[in-house]
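J.: After the structure tokens below, expect a handful of questions from me.
None of the figures in this text is laboratory data; all of them are computed from the coordinates on show. These numbers were taken from a predicted model, which means no experiment stands behind them. A quick note on method: Cβ atoms are made from the backbone with ideal geometry, for glycine too, and the neighbour counts reach across all protein chains shown.
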Amino acid sequence: MENSRIIVVGGGPAGMFAALQAARGNHEVLLLDKNEMLGRKLKITGGGRCNLTNIKDKKEHQRATIHNPKFLYKSFDALNPKELMKYFEDRGCTFKLEKEGTVFPRSDDSSEIINILLEDLLEHGVKIWYNHKVEKVLIAGEQVRGVALPDGREILADKVIITTGGASYPQTGSTGDGYTMAEELGHSIEKIKPALTSFEVKENWVKSLAGISFSDTSLGILKMNKLQEWGDLLLTHYGISGPPVLKLSSYINEVDLKKTPVTVEIDFFPDKTEEELKDWFLHHSTGKKNLNNVLTEFWPRKFIEEILPFLGIPKDRKMNELKKKERNKLMDAMKGLHLTVTGLRPIKDAIVTAGGINVKEVNPSTMESKKISGLYFAGEVLDLDAITGGYNLQIAFSTGFVAGQSAGEKLNKKYE
């Protein structure tokens, strides 16, 4: 049997930061990852650009967190966005701020973030074992004693930190392993659901327009007045996607959409009032041009050719023949097109997993299990998720920081 003081299971952002903080206490740290490289999911975040964090303050991060925001008070205080940015800036990375406080490396390359972390891990003597899956956590009574590998090997440790991620993007290694390990140790798992994912809709005419996009739209969910998001909208072969859709998905994933579909309302022109649109129609009302040609000022032609029949308006209708009822239908569609959401894309396609290890069973100040001494959790494996905008990565880094630091400090006290 091999021995190591602190074992970190999972080489994502939470795992890498946990290993770094544990190693700063001069402990022997072993980082185990089932992949051939660290940070596989981190590499594809933000379209490969890596939306590292969001510069907004603590209150805004709490508002952006969908499940269990209060649990994050301590970890956010331990490592806030400015401190996270400074860590990377001190190692040569420069950042740029984009829409709504999002933070990206100036290089637009997630590999820069991963390489900094990897170099720091090696500099601090962290041992990294690639292609090593952990089968289960070993305990003696209510105390951690190490981990077991599928080949039967046991690696002993004083502390074990589980940072295996969720169940989204399984091709990156996030296959829900941490849930199984935690459940075997007596932890309860809150039902996992897709978060930050796309909508499947009932209307087939929308699905026939896959690839068409609209900029600067506003989306809301009917009967959920406070839910309103802005951004670019993309039509897909199953429904709709884009930043506002992803954000809204995290609020409605508790609903059984097969039994109770919800209605999404799309405002294609949130910067225009209904009066402005009405004036535009009246200005063109005497023209003899076909409606479908004139509307290209607002919408792509293919979209116009599908939405006019959906609204019951003839494609060859001329502007000077447009009826008041038809004009009102068009204005309603421009400012509030209704689509029926019948489902969310499966969890394997979701950016983030909602649900996970019940945070009531984890100490928020240390990330240590309340059931098993010496066992820690961090990152997406916990029942924590937020909307898009860098908030989820901040959660991963902050909770990983606290878990690694706490495990290291507790060992220092044990061996003083």
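J.: Extending each Cα 7 Å along its Cβ direction at residue 135 and residue 232, get the distance between those two points in nm, one decimal.
T.: 4.7
J.: In whole Å, how far is the Cα centre of segment 266-343 from that of segment 158-188?
T.: So the two Cα centres are separated by 50 Å.
J.: How many nm separate the modelled label positions at residue 171 and residue 328, each set 7 Å beyond the Cα in the direction of the Cβ?
T.: The modelled label-to-label distance comes out at 4.9 nm.
J.: Placing +1 at every Lys and Arg Cβ and -1 at every Asp and Glu Cβ, with all other atoms neutral, what dipole size does the chain have around its Cα centre, in debye to the nearest 20? Present the calculation step by step, with values, prior to reporting the outcome.
T.: On the way: 57 positive and 56 negative charges, 217 e Å.
Taking the Cα centre of the chain as origin, the dipole is about 1040 debye.
J.: Show me the ranking of peptides 306-312, 25-31 by mean Cβ neighbours inside 10 Å, starting with the highest. Walk me through the intermediate numbers first.
T.: Details: 306-312: 15.7, 25-31: 21.7.
So the order, starting with the most tightly packed, is 25-31, 306-312.
J.: Here is a further query. Quick check: residue separation of residue 256 and residue 123 times 0.36 nm, minus the Cα distance between them. What number comes out in nm? Write out the running numbers ahead of the final one.
T.: On the way: separation 133, 0.36 × 133 = 47.88 nm, distance 4.88 nm.
Additional length available on full extension: 43.0 nm.
J.: Identify all lysines with a Cα-Cα distance to residue 272 below 16 Å; exclude those on the same chain that are fewer than 8 residues away in sequence.
T.: Straight-distance partners of residue 272: 335.
J.: Expressed as a rounded percentage, what relative contact order does segment 199-344 have, with Cα pairs under 8 Å and six or more residues apart?
T.: Working: 246 pairs, mean separation 47.0, N = 146.
Over segment 199-344, the number comes to 32 percent.
J.: Based on the mean of other beta carbon atoms within 10 Å per residue, what is the order of 165-174, 37-46, most packed first?
T.: On the way: 165-174: 22.0, 37-46: 19.9.
Listed from highest to lowest mean packing, they are 165-174, 37-46.
J.: Another one. Quick check on the exposure proxy: order 297, 368 from fewest to most C-beta atoms within 10 angstrom.
T.: Details: 297 8, 368 23.
The fewest-first ordering by Cβ neighbours comes to 297, 368.
J.: For Rg and Dmax of the Cα atoms in Å, the listed values are [x] 25.1, 89; [y] 30.4, 94; [z] 24.5, 82; which was obtained by calculation from the structure presented?
T.: [x]
J.: Moving on. How big, in percent, is the set of alpha carbon pairs in segment 43-150 lying more than 25 Å apart? Mind showing how you got there, number by number?
T.: Details: 2481 of 5778 pairs.
Value for segment 43-150 (Cα pairs over 25 Å): 43 percent.
J.: Please list, or write none, the aspartates and glutamates whose alpha carbon is within less than 17 Å of the alpha carbon of residue 410, excluding same-chain residues fewer than 8 places away.
T.: Counting by Cα, and skipping residues close in sequence, residue 410 has these aspartates and glutamates nearby: 28, 142, 158, 368.
J.: Along each of the three principal axes of the Cα atoms of segment 199-344, give the extent in whole Å, ordering the values from largest to smallest.
T.: Projected onto the principal axes, the Cα atoms of segment 199-344 cover 50, 28, 24 Å.
J.: I need the calculated FRET efficiency for the pair residue 365 and residue 340, taking r as the beta carbon distance and R₀ as 30 Å, to the nearest 0.05.
T.: Values: r = 45 Å, r/R0 = 1.49.
About 0.10, to the nearest 0.05.
J.: Roughly what would the spin-label model give for residue 98 and residue 183, points 7 Å off Cα along C-beta, in nm?
T.: Taking the simple label geometry, residue 98 and residue 183 are separated by 3.6 nm.
J.: Here's something else I'd like to know. Taking the Cα centroid of segment 1-56 and of segment 210-232, what is the distance between the two, rounded to the nearest whole Å?
T.: After rounding, the separation between the Cα centres reads 35 Å.
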